[in-house]
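Rule-based calculations on the coordinates, nothing more; no lab input. Everything quoted here is computed from the prediction, not taken from an experiment. When we count neighbours, we look across all protein chains shown, and the Cβ atoms used for this are built from the backbone with ideal geometry, even at glycine.
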Amino acid sequence: MVVLGVESSCDETAFSIVKDGVHVLSSVVASQVDVHAVFGGVVPEVAAREHLKVIAPLFQQAIQEAGIQLSDIDLISVTRGPGLIGALLVGVSFAKGLATSLNKPLIPVDHVHAHVHGALLGIENANMEEIFPALSLVVSGGHTNLYYMENATDFQLLATTIDDACGECFDKVGKLLGFGYPAGPIIEKTAQGGNDKAYEMPKMVQDKSRLQFSYSGLKTHMVYRLQKQKDYSEQELKDLCASFQSEALGLIQRKIKIALKKRTNVRSVIIAGGVAANQKFRSMLSELPVKTYFPKLKYCSDNAAMIAALGWHEYPKRKENEDFLNDHNWDAYSRYDFQKYFVQV
Ligand code: KG4
Ligand code: ZN
């Protein structure tokens, strides 16, 4: 089955053609990073207008690179939320128009959930029975969400952050250190060759029974440390970044271990989102007692291949409800609606 994925939730417009949920025939992304850089953050209306400019030619590019005809598309999958509403409306309207004109089914999917499927793209002979039930973690600039997944489309939120997201903490601490944005990769690079025990860091959410993340304490600790000592030698800076990184990622490692003890039927742990690019994180989690899946670097950040993949998994379930497939009477949603998925273990 050939699926077209459409993504426009934030500052990246993306299309992808994915065959049978894991084989990526094309994946094109138009980033607006430079447009927003002058403002110091994403400006929602500017983002929507940039999507509008590039959406049609980018779609043509995805079709061409995949070497398919429009008539080869069996299904369209689009990000419905969470995201910037104006930005989402561009992709959703395009997808609804295309689905109507091609007379193909359209599946709206959740962007954060789709990140998880980014980690499973390109796996040869992917057998979902061997991967699920799974724990999955979306760890990015906006999210630190740990899910229990009975199967590829069932997302039960076990834990989330009560304040900053993990990637956000990397970015804020990086800013304090005078690093550029996004600071996560710069902190990782600086930490290489550093001693991660050189500086004591506060251990966050120590209560073992609590499945929860929190990053504001670590950030505040770094604020005070940098006020106390302003200048660092090259080695000291490496040590400081390594110590910070070790706790920022160690918290996640500890909580995954706790969740694995509570959910003993879990067959794998799937890590996704921007922070999944961190190599230190990958090596820390390779010690877990179950198989771990990480995305290829190009699928850590926003893309439409992951949207197509989740749409493909959702299709059999949605197909049973013919009304839903033919009914385009649904809206996009912002990031504030996610609480409805919360399930406490
Ligand atoms: O998923 P993503 O591309 O986008 C959004 O969250 O919107 O994630 C970006 C986040 C940023 O906070 C960035 O600093 C972080 O992921 N990040 C990293 C690394 N690469 C990206 N954090 C730690 N280590 C990295 N290597
Ligand atoms: Zn994302």
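Take every pair of alpha-carbon atoms less than 8 Å apart whose residues are at least six positions apart; their mean separation over the length of the range 143-289 yields a relative contact order of 25 percent.
Judged by the gyration tensor of its Cα atoms, with axes a ≥ b ≥ c, the range 1-53 is prolate; a/c meets the 1.5 cut and a/b is the larger of a/b and b/c. Could you tell me which of rounded, prolate or oblate describes the range 224-307, using a ≥ b ≥ c as the square roots of the eigenvalues of the alpha-carbon gyration tensor, with rounded for a/c under 1.5 and, failing that, prolate when a/b is larger than b/c and oblate otherwise? Oblate. Within the same chain, lysines fewer than 8 places from K96 are excluded, and of the rest, those with a Cα less than 25 Å from its Cα are K19, K53, K104, K317, K319.
Give the relative contact order (percent, whole number) for the range 30-87; include only Cα pairs under 8 Å separated by 6+ residues. Let's see the in-between values first.
Values: 20 pairs, mean separation 27.9, N = 58.
Relative contact order here is 48 percent.
Using Cα pairs under 8 angstrom and six or more residues apart, how large is the relative contact order of the chain, in percent?
Numbers: 708 pairs, mean separation 85.9, N = 345.
Relative contact order comes out at 25 percent.
Residue-wise HN-Hα couplings along the range 144-160, as the Karplus relation 6.51 cos²θ - 1.76 cosθ + 1.60 with θ = phi - 60° gives them from phi, are 9, 10, 10, 10, 9, 10, 5, 8, 5, 10, 9, 10, 10, 6, 8, 8, 9 Hz; Gly and Pro carry x.
Where does each of C169, C10, C241 land when they are ranked from fewest to most other beta-carbon atoms within 10 angstrom?
Working: C169 31, C10 23, C241 27.
Listing C169, C10, C241 from fewest to most nearby Cβ atoms yields C10, C241, C169.
Would you mind ranking H313, H328, H51 so that the residue whose beta carbon has the fewest other beta carbons within 10 Å leads the list?
Numbers: H313 21, H328 14, H51 27.
Fewest to most other Cβ atoms nearby, the residues stand as H328, H313, H51.
Among the trypsin sites (Lys or Arg not before Pro) within the range 141-215, which fall in a DSSP loop and have no more than 14 other Cβ atoms within 10 Å of their own Cβ? Each step should come with its number before you reach the end.
Numbers: sites: K172, K175, K189, K197, K203, K208, R210; in loops: K197, K203, K208, R210.
Within the range 141-215, the qualifying trypsin sites (Lys or Arg not before Pro) (loop, at most 14 other Cβ atoms within 10 Å) are K197, K203, K208, R210.
So which GluC sites (Glu not before Pro) in the range 92-189 pass both tests, a DSSP loop state and at most 10 other Cβ atoms within 10 Å of the Cβ?
Values: sites: E124, E129, E130, E150, E168, E188; in loops: E124, E150.
Answer by residue number: E124.
Between rounded, prolate and oblate, where does the range 90-174 land on the alpha carbon gyration tensor, with a ≥ b ≥ c its root eigenvalues, rounded for a/c under 1.5, else prolate if a/b exceeds b/c?
It comes out oblate by the Cα gyration axes.
Exposed loop positions in the chain were taken to be chymotrypsin sites (Phe, Trp or Tyr not before Pro) whose DSSP state is not H, G, I, E or B and which have at most 12 other beta-carbon atoms within 10 angstrom. Between these positions, the longest stretch is 40-329. Quick check: net charge around G180, other residues with Cβ under 14 Å of its Cβ, Lys/Arg +1 and Asp/Glu -1? Value of the local net charge: 0. Here K238 is the anchor, and the aspartates and glutamates within straight C-alpha reach of less than 13 Å, apart from those fewer than 8 places off in the same chain, are E188, D196.
Divide by every residue of the chain the summed helix terms, -39500 (n - 2.57) for each DSSP H run of at least 4, and state the resulting mean residue ellipticity at 222 nm, rounded to the nearest 500 deg cm²/dmol.
Details: 12 runs with 146 residues, N = 345.
About -13000 deg cm²/dmol.
What is the antiparallel percent of DSSP beta bridges lying wholly in the chain, to the nearest 5?
Bridges in the chain are about 55 percent antiparallel.
Applying a length cut-off of 15 Å (Cα extent along the axis) and a mean Kyte-Doolittle floor of -1.0 to the DSSP H helices of the chain leaves 44-66, 85-102, 166-176, 216-228, 234-262, 305-319.
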